[in-house]
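For reference, the structure discussed in these notes is given below.
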Amino acid sequence: MFNDISTVYKKEIKSILKDKAILMMCIFLPFMIMFMEGFLTKNMADTDDSKTYNAYYINAPQELIPGLKAIGFSDHKVDKAACIEDIKNKDAEMLLIFPEDFKVALDGQNLSNIEIFYNSSNVDSLKIREKVSTLLDSLRPVVFTINADTNVTYDLGDESYVAKNMIASMVPGLLIMTIVYGFMSLASNIIAGDKESNFLNTVLITPVRRSSVAIGKALAVMTAAFISSISASIGLVYLMNVFQEMMGDGAVTYAISDYALVFVVILCVAFALVGLILIISTLAKTSRSAQTLAVIPIMVLFIGSFLTSNDGMSSMLAKFGFKNCLIPLWNATYLTKQILLSGVSITEVLLTCVINLAFGLLCLAIVSRLFNNEKIVNE
(Lines give C-alpha, C1' and ligand atoms only; values in the text may rest on other atoms or scores of the structure.)
Protein backbone atom coordinates (compact mmCIF):
# COMPACT_ATOMS: atom_id res chain seq x y z
CA MET A 1 0.00 0.00 0.00
CA PHE A 2 2.77 2.41 0.95
CA ASN A 3 4.56 1.70 -2.33
CA ASP A 4 1.36 2.51 -4.23
CA ILE A 5 0.90 5.75 -2.30
CA SER A 6 4.53 6.68 -2.95
CA THR A 7 4.16 5.96 -6.67
CA VAL A 8 1.05 8.17 -7.00
CA TYR A 9 2.65 10.88 -4.85
CA LYS A 10 5.81 10.98 -6.95
CA LYS A 11 3.79 11.10 -10.16
CA GLU A 12 1.76 14.08 -8.90
CA ILE A 13 4.83 15.90 -7.57
CA LYS A 14 6.58 15.53 -10.94
CA SER A 15 3.47 16.89 -12.63
CA ILE A 16 3.45 19.88 -10.27
CA LEU A 17 7.15 20.57 -10.83
CA LYS A 18 6.61 20.61 -14.59
CA ASP A 19 3.75 23.09 -14.39
CA LYS A 20 5.23 26.58 -13.97
CA ALA A 21 1.82 28.13 -13.32
CA ILE A 22 1.20 25.85 -10.33
CA LEU A 23 4.71 26.47 -9.02
CA MET A 24 4.18 30.20 -9.21
CA MET A 25 0.81 29.90 -7.44
CA CYS A 26 2.26 27.79 -4.62
CA ILE A 27 5.69 29.35 -4.15
CA PHE A 28 5.55 32.98 -5.24
CA LEU A 29 1.91 34.08 -5.06
CA PRO A 30 1.45 33.79 -1.24
CA PHE A 31 4.65 35.73 -0.57
CA MET A 32 3.86 38.35 -3.21
CA ILE A 33 0.38 38.98 -1.82
CA MET A 34 1.77 39.56 1.68
CA PHE A 35 4.68 41.59 0.31
CA MET A 36 2.44 43.83 -1.81
CA GLU A 37 0.07 44.35 1.12
CA GLY A 38 2.99 45.54 3.23
CA PHE A 39 4.53 47.57 0.40
CA LEU A 40 1.29 49.39 -0.40
CA THR A 41 0.50 49.98 3.27
CA LYS A 42 3.95 51.44 3.86
CA ASN A 43 3.90 53.69 0.81
CA MET A 44 0.38 54.92 1.47
CA ALA A 45 1.38 55.86 5.00
CA ASP A 46 4.59 57.57 3.85
CA THR A 47 2.78 59.49 1.13
CA ASP A 48 0.06 60.69 3.48
CA ASP A 49 2.53 62.07 6.03
CA SER A 50 4.48 64.17 3.52
CA LYS A 51 1.71 65.04 1.09
CA THR A 52 1.14 68.64 0.00
CA TYR A 53 -2.53 69.37 -0.57
CA ASN A 54 -4.25 72.00 -2.66
CA ALA A 55 -5.05 73.72 0.60
CA TYR A 56 -4.60 77.46 1.16
CA TYR A 57 -4.88 80.06 3.90
CA ILE A 58 -5.70 83.77 4.04
CA ASN A 59 -4.56 86.16 6.81
CA ALA A 60 -2.91 83.37 8.79
CA PRO A 61 -0.91 84.62 11.82
CA GLN A 62 2.84 84.23 11.39
CA GLU A 63 2.91 81.89 14.40
CA LEU A 64 0.61 79.39 12.65
CA ILE A 65 2.15 79.37 9.17
CA PRO A 66 4.94 76.81 9.95
CA GLY A 67 2.36 74.44 11.43
CA LEU A 68 0.05 74.82 8.45
CA LYS A 69 2.85 74.12 5.98
CA ALA A 70 3.88 71.08 8.02
CA ILE A 71 0.47 69.44 7.54
CA GLY A 72 0.37 70.11 3.80
CA PHE A 73 -0.84 73.69 3.21
CA SER A 74 0.50 75.75 0.32
CA ASP A 75 1.61 79.37 0.85
CA HIS A 76 0.39 80.50 -2.59
CA LYS A 77 -1.97 83.46 -2.54
CA VAL A 78 -5.47 82.68 -3.81
CA ASP A 79 -8.73 84.45 -4.53
CA LYS A 80 -11.44 83.49 -2.03
CA ALA A 81 -14.32 83.07 -4.50
CA ALA A 82 -12.24 81.17 -7.06
CA CYS A 83 -10.78 78.88 -4.40
CA ILE A 84 -14.22 78.07 -2.96
CA GLU A 85 -15.39 77.13 -6.44
CA ASP A 86 -12.33 74.88 -6.87
CA ILE A 87 -13.10 73.15 -3.57
CA LYS A 88 -16.68 72.57 -4.72
CA ASN A 89 -15.34 71.02 -7.94
CA LYS A 90 -12.72 68.96 -6.05
CA ASP A 91 -9.85 70.86 -7.69
CA ALA A 92 -8.77 72.06 -4.24
CA GLU A 93 -9.12 70.60 -0.76
CA MET A 94 -9.42 73.51 1.68
CA LEU A 95 -9.44 77.23 2.25
CA LEU A 96 -8.66 78.51 5.75
CA ILE A 97 -9.60 82.16 6.37
CA PHE A 98 -8.48 84.00 9.49
CA PRO A 99 -10.00 87.40 10.38
CA GLU A 100 -7.65 90.35 9.89
CA ASP A 101 -7.91 91.20 13.60
CA PHE A 102 -7.36 87.61 14.71
CA LYS A 103 -6.68 87.38 18.45
CA VAL A 104 -6.98 84.93 21.31
CA ALA A 105 -9.63 85.82 23.89
CA LEU A 106 -9.07 84.17 27.26
CA ASP A 107 -12.29 85.57 28.73
CA GLY A 108 -14.50 83.77 26.21
CA GLN A 109 -15.77 87.09 24.81
CA ASN A 110 -15.24 88.61 21.36
CA LEU A 111 -13.96 85.33 19.93
CA SER A 112 -12.28 85.41 16.53
CA ASN A 113 -14.02 83.25 13.94
CA ILE A 114 -11.95 81.05 11.61
CA GLU A 115 -13.69 80.00 8.40
CA ILE A 116 -12.82 76.56 7.03
CA PHE A 117 -14.12 75.72 3.57
CA TYR A 118 -13.84 72.03 2.61
CA ASN A 119 -15.64 69.34 0.62
CA SER A 120 -16.98 66.35 2.59
CA SER A 121 -17.23 64.28 -0.60
CA ASN A 122 -13.48 64.64 -1.20
CA VAL A 123 -11.32 62.17 0.73
CA ASP A 124 -8.24 64.42 0.70
CA SER A 125 -10.36 67.34 1.87
CA LEU A 126 -11.52 65.30 4.88
CA LYS A 127 -7.94 64.27 5.64
CA ILE A 128 -6.60 67.83 5.69
CA ARG A 129 -9.66 68.92 7.73
CA GLU A 130 -8.79 66.38 10.39
CA LYS A 131 -5.18 67.62 10.48
CA VAL A 132 -6.30 71.23 10.74
CA SER A 133 -8.68 70.40 13.57
CA THR A 134 -5.88 68.69 15.47
CA LEU A 135 -3.54 71.65 14.90
CA LEU A 136 -6.08 74.27 15.99
CA ASP A 137 -7.20 72.26 19.01
CA SER A 138 -3.61 72.15 20.21
CA LEU A 139 -3.38 75.97 19.99
CA ARG A 140 -6.59 76.88 21.81
CA PRO A 141 -6.30 78.75 25.14
CA VAL A 142 -5.57 76.43 28.07
CA VAL A 143 -8.26 76.60 30.78
CA PHE A 144 -7.37 73.46 32.69
CA THR A 145 -5.20 70.35 32.31
CA ILE A 146 -6.04 66.66 32.28
CA ASN A 147 -3.72 63.89 33.49
CA ALA A 148 -0.82 66.32 33.72
CA ASP A 149 1.27 64.27 36.17
CA THR A 150 3.66 62.27 34.01
CA ASN A 151 4.66 60.09 36.96
CA VAL A 152 1.17 58.60 37.21
CA THR A 153 -0.12 55.90 34.83
CA TYR A 154 -3.71 56.85 34.07
CA ASP A 155 -4.35 54.21 31.42
CA LEU A 156 -5.16 51.09 33.45
CA GLY A 157 -5.37 48.80 30.43
CA ASP A 158 -2.84 47.33 28.03
CA GLU A 159 -1.31 50.33 26.25
CA SER A 160 -0.43 48.17 23.25
CA TYR A 161 -3.95 46.74 22.88
CA VAL A 162 -5.03 49.09 20.08
CA ALA A 163 -1.95 48.25 18.00
CA LYS A 164 -2.29 44.54 18.70
CA ASN A 165 -5.99 44.58 17.87
CA MET A 166 -5.33 46.23 14.52
CA ILE A 167 -2.77 43.57 13.61
CA ALA A 168 -4.81 40.68 15.02
CA SER A 169 -7.93 41.78 13.14
CA MET A 170 -6.17 42.00 9.78
CA VAL A 171 -3.57 39.24 9.68
CA PRO A 172 -5.52 35.95 10.27
CA GLY A 173 -7.95 36.31 7.38
CA LEU A 174 -5.29 37.69 5.04
CA LEU A 175 -2.83 34.92 5.89
CA ILE A 176 -5.30 32.06 5.49
CA MET A 177 -6.81 33.39 2.26
CA THR A 178 -3.32 33.95 0.83
CA ILE A 179 -2.32 30.33 1.50
CA VAL A 180 -5.61 28.98 0.15
CA TYR A 181 -5.21 30.88 -3.11
CA GLY A 182 -1.82 29.20 -3.47
CA PHE A 183 -3.14 25.64 -3.63
CA MET A 184 -6.88 25.96 -4.36
CA SER A 185 -6.50 25.61 -8.13
CA LEU A 186 -4.32 22.52 -7.76
CA ALA A 187 -6.59 20.90 -5.16
CA SER A 188 -9.75 21.47 -7.16
CA ASN A 189 -8.23 20.18 -10.43
CA ILE A 190 -6.10 17.26 -9.29
CA ILE A 191 -8.99 14.77 -9.41
CA ALA A 192 -11.63 16.57 -11.47
CA GLY A 193 -9.02 17.35 -14.13
CA ASP A 194 -8.04 13.68 -14.46
CA LYS A 195 -11.70 12.75 -14.62
CA GLU A 196 -12.44 15.31 -17.32
CA SER A 197 -9.52 14.15 -19.47
CA ASN A 198 -10.46 10.47 -18.90
CA PHE A 199 -6.98 9.84 -17.43
CA LEU A 200 -8.66 8.77 -14.19
CA ASN A 201 -10.14 5.76 -16.02
CA THR A 202 -6.62 4.56 -16.80
CA VAL A 203 -5.59 4.97 -13.18
CA LEU A 204 -8.63 3.11 -11.84
CA ILE A 205 -8.04 0.00 -13.97
CA THR A 206 -4.45 -0.38 -12.74
CA PRO A 207 -3.74 -2.80 -9.86
CA VAL A 208 -3.12 0.14 -7.53
CA ARG A 209 -5.64 0.38 -4.69
CA ARG A 210 -8.04 3.27 -5.16
CA SER A 211 -7.53 4.48 -1.61
CA SER A 212 -3.80 4.68 -2.34
CA VAL A 213 -4.52 6.87 -5.35
CA ALA A 214 -6.65 9.19 -3.22
CA ILE A 215 -4.06 9.42 -0.43
CA GLY A 216 -1.18 9.93 -2.87
CA LYS A 217 -2.95 12.81 -4.56
CA ALA A 218 -3.90 14.31 -1.19
CA LEU A 219 -0.29 14.18 0.00
CA ALA A 220 0.84 15.96 -3.17
CA VAL A 221 -1.66 18.77 -2.59
CA MET A 222 -0.67 18.92 1.08
CA THR A 223 2.95 19.35 0.02
CA ALA A 224 1.89 22.29 -2.13
CA ALA A 225 -0.11 23.70 0.82
CA PHE A 226 2.97 23.35 3.05
CA ILE A 227 5.08 25.28 0.54
CA SER A 228 2.38 27.95 0.27
CA SER A 229 2.32 28.24 4.07
CA ILE A 230 6.07 28.79 4.21
CA SER A 231 5.89 31.36 1.40
CA ALA A 232 3.08 33.27 3.13
CA SER A 233 4.86 33.12 6.49
CA ILE A 234 7.97 34.72 4.98
CA GLY A 235 5.76 37.44 3.55
CA LEU A 236 4.11 37.84 6.95
CA VAL A 237 7.46 38.68 8.54
CA TYR A 238 7.87 41.55 6.07
CA LEU A 239 4.30 42.73 6.64
CA MET A 240 4.78 42.74 10.42
CA ASN A 241 7.97 44.78 10.05
CA VAL A 242 5.98 47.34 8.05
CA PHE A 243 3.43 47.53 10.85
CA GLN A 244 6.21 48.08 13.40
CA GLU A 245 7.69 50.95 11.37
CA MET A 246 4.29 52.60 10.98
CA MET A 247 3.52 52.42 14.70
CA GLY A 248 6.83 53.92 15.76
CA ASP A 249 6.91 54.29 19.54
CA GLY A 250 3.62 52.42 19.84
CA ALA A 251 4.94 49.35 18.03
CA VAL A 252 4.39 45.90 19.49
CA THR A 253 6.75 42.96 19.14
CA TYR A 254 6.03 39.26 18.90
CA ALA A 255 8.27 36.41 19.96
CA ILE A 256 9.46 33.71 17.58
CA SER A 257 7.19 31.32 19.49
CA ASP A 258 4.16 33.43 18.47
CA TYR A 259 5.09 33.15 14.80
CA ALA A 260 5.66 29.42 15.24
CA LEU A 261 2.22 28.93 16.82
CA VAL A 262 0.57 30.88 14.00
CA PHE A 263 2.40 28.75 11.42
CA VAL A 264 1.34 25.47 13.07
CA VAL A 265 -2.30 26.54 13.36
CA ILE A 266 -2.40 27.75 9.76
CA LEU A 267 -0.74 24.58 8.47
CA CYS A 268 -3.33 22.39 10.22
CA VAL A 269 -6.25 24.35 8.81
CA ALA A 270 -4.63 24.11 5.37
CA PHE A 271 -4.69 20.32 5.75
CA ALA A 272 -8.41 20.45 6.62
CA LEU A 273 -9.10 22.66 3.60
CA VAL A 274 -7.16 20.33 1.31
CA GLY A 275 -9.39 17.45 2.39
CA LEU A 276 -12.56 19.46 1.91
CA ILE A 277 -11.61 20.72 -1.55
CA LEU A 278 -10.57 17.19 -2.59
CA ILE A 279 -14.09 15.98 -1.78
CA ILE A 280 -15.44 18.69 -4.07
CA SER A 281 -12.91 17.76 -6.77
CA THR A 282 -13.95 14.10 -6.53
CA LEU A 283 -17.66 14.87 -6.76
CA ALA A 284 -17.31 17.36 -9.62
CA LYS A 285 -17.55 16.21 -13.22
CA THR A 286 -15.29 18.90 -14.67
CA SER A 287 -12.45 21.18 -13.57
CA ARG A 288 -14.62 24.25 -14.04
CA SER A 289 -17.36 22.96 -11.74
CA ALA A 290 -14.74 21.90 -9.17
CA GLN A 291 -13.19 25.38 -9.11
CA THR A 292 -16.63 26.97 -8.86
CA LEU A 293 -17.72 24.78 -5.95
CA ALA A 294 -14.37 25.16 -4.18
CA VAL A 295 -15.15 28.84 -3.73
CA ILE A 296 -17.98 27.96 -1.29
CA PRO A 297 -15.82 26.75 1.64
CA ILE A 298 -13.38 29.58 0.92
CA MET A 299 -16.18 32.12 1.26
CA VAL A 300 -17.35 30.49 4.50
CA LEU A 301 -13.81 30.78 5.81
CA PHE A 302 -13.63 34.40 4.67
CA ILE A 303 -16.86 35.20 6.52
CA GLY A 304 -15.42 33.50 9.60
CA SER A 305 -12.27 35.62 9.46
CA PHE A 306 -14.42 38.74 9.06
CA LEU A 307 -16.48 37.85 12.13
CA THR A 308 -13.41 37.22 14.28
CA SER A 309 -11.97 40.59 13.22
CA ASN A 310 -15.19 42.42 14.14
CA ASP A 311 -14.91 44.07 17.55
CA GLY A 312 -18.68 43.79 17.95
CA MET A 313 -18.34 39.99 17.95
CA SER A 314 -15.58 39.90 20.56
CA SER A 315 -17.89 39.79 23.59
CA MET A 316 -20.02 37.01 22.10
CA LEU A 317 -16.99 34.94 21.07
CA ALA A 318 -15.52 35.40 24.54
CA LYS A 319 -18.58 33.69 26.04
CA PHE A 320 -17.83 30.54 24.04
CA GLY A 321 -14.21 30.53 25.21
CA PHE A 322 -12.37 27.33 24.29
CA LYS A 323 -15.49 26.02 22.54
CA ASN A 324 -14.43 28.13 19.56
CA CYS A 325 -11.53 25.72 19.17
CA LEU A 326 -13.94 22.83 18.56
CA ILE A 327 -15.25 24.19 15.24
CA PRO A 328 -13.11 23.09 12.25
CA LEU A 329 -11.72 25.87 10.02
CA TRP A 330 -13.35 28.60 12.12
CA ASN A 331 -11.07 27.77 15.06
CA ALA A 332 -7.95 28.67 13.05
CA THR A 333 -8.96 32.27 12.38
CA TYR A 334 -10.19 32.67 15.95
CA LEU A 335 -7.04 31.23 17.52
CA THR A 336 -4.67 33.11 15.20
CA LYS A 337 -6.25 36.38 16.31
CA GLN A 338 -5.94 35.39 19.97
CA ILE A 339 -2.26 34.50 19.51
CA LEU A 340 -1.53 37.95 18.10
CA LEU A 341 -3.83 39.78 20.51
CA SER A 342 -3.51 38.31 23.99
CA GLY A 343 -1.80 34.95 23.78
CA VAL A 344 -3.25 31.45 24.10
CA SER A 345 -2.60 28.28 26.06
CA ILE A 346 -0.90 25.24 24.57
CA THR A 347 -4.09 23.30 25.25
CA GLU A 348 -6.05 25.58 22.92
CA VAL A 349 -3.42 25.24 20.19
CA LEU A 350 -3.32 21.45 20.49
CA LEU A 351 -7.11 21.22 20.51
CA THR A 352 -7.40 23.40 17.41
CA CYS A 353 -4.74 21.40 15.56
CA VAL A 354 -6.25 18.03 16.53
CA ILE A 355 -9.73 19.12 15.45
CA ASN A 356 -8.52 20.33 12.03
CA LEU A 357 -6.29 17.31 11.47
CA ALA A 358 -9.18 14.99 12.40
CA PHE A 359 -11.46 16.90 10.05
CA GLY A 360 -8.89 16.61 7.27
CA LEU A 361 -8.49 12.87 7.83
CA LEU A 362 -12.26 12.45 7.79
CA CYS A 363 -12.38 14.27 4.45
CA LEU A 364 -9.65 12.00 3.07
CA ALA A 365 -11.61 8.96 4.23
CA ILE A 366 -14.62 10.30 2.34
CA VAL A 367 -12.46 10.87 -0.75
CA SER A 368 -11.22 7.27 -0.54
CA ARG A 369 -14.80 6.04 -0.22
CA LEU A 370 -15.85 8.10 -3.22
CA PHE A 371 -12.91 6.65 -5.18
CA ASN A 372 -14.03 3.12 -4.36
CA ASN A 373 -17.45 3.95 -5.79
CA GLU A 374 -16.06 5.71 -8.87
CA LYS A 375 -17.14 4.19 -12.17
CA ILE A 376 -14.56 3.18 -14.71
CA VAL A 377 -16.42 4.88 -17.53
CA ASN A 378 -17.66 8.39 -16.87
CA GLU A 379 -21.24 9.20 -17.69
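Considering only residues of region 273-288 that are over 11 Å from Ala187 (Cβ atoms) and in contact with a Gly (Cβ under 9 Å, 6 or more places away or on another chain), which is surrounded by the fewest Cβ atoms within 10 Å (Cβ to Cβ)?
By that ranking, first place goes to Thr286.
Checking Glu374 against (1) modelled with pLDDT under 85; (2) more than 23 Å from Ala187 (Cβ to Cβ); (3) of a type in the set (Asp, Glu), which single condition isn't satisfied?
With respect to (1) modelled with pLDDT under 85; (2) more than 23 Å from Ala187 (Cβ to Cβ); (3) of a type in the set (Asp, Glu), Glu374 is out only on (2).
Out of Ala318, Ala270, Ala358, which single residue is surrounded by fewer than 16 Cβ atoms within 10 Å (Cβ to Cβ), in a helix (DSSP H, G or I), in the same structural domain as Arg210 (by TED's automatic domain parsing) and under 23 Å from the mean Cα position of the chain (by Cα)?
Exactly one of Ala318, Ala270, Ala358 is surrounded by fewer than 16 Cβ atoms within 10 Å (Cβ to Cβ), in a helix (DSSP H, G or I), in the same structural domain as Arg210 (by TED's automatic domain parsing) and under 23 Å from the mean Cα position of the chain (by Cα), namely Ala318.
Please state which of the following conditions Ala82 fails to meet, knowing it meets all the rest: (1) assigned to a helix (DSSP H, G or I); (2) at pLDDT 90 or above; (3) buried (at least 16 other Cβ atoms within 10 Å of the Cβ).
Checking Ala82 against (1) assigned to a helix (DSSP H, G or I); (2) at pLDDT 90 or above; (3) buried (at least 16 other Cβ atoms within 10 Å of the Cβ), the one that fails is (3).
Would you check if there is a residue in region 328-335 being touching an Asp or Glu at 6+ places or on another chain (Cβ under 7 Å), at pLDDT 80 or above, in the same structural domain as Val262 (by TED's automatic domain parsing) and over 25 Å from Ala218 (Cα atoms)?
yes
For (1) among the small types (Gly, Ala, Ser); (2) touching a helix residue (DSSP H, G or I) at 6+ places or on another chain (Cβ under 8 Å); (3) surrounded by fewer than 16 Cβ atoms within 10 Å (Cβ to Cβ); (4) at pLDDT 90 or above, each residue gets a yes or a no:
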position	(1), (2), (3), (4)
Asn43	no, no, yes, no
Tyr56	no, yes, no, yes
Glu63	no, no, yes, no
Ile71	no, yes, no, no
Gly108	yes, no, yes, no
Ser138	yes, no, yes, no
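The values are calculated or read from the model by the stated rules, or taken from the named source; none is laboratory data. A quick note: this is a predicted structure, and the numbers were derived from the prediction, not measured. Quick reminder, even Gly has a Cβ in these numbers, built from the backbone with ideal geometry, and neighbours come from all protein chains shown.
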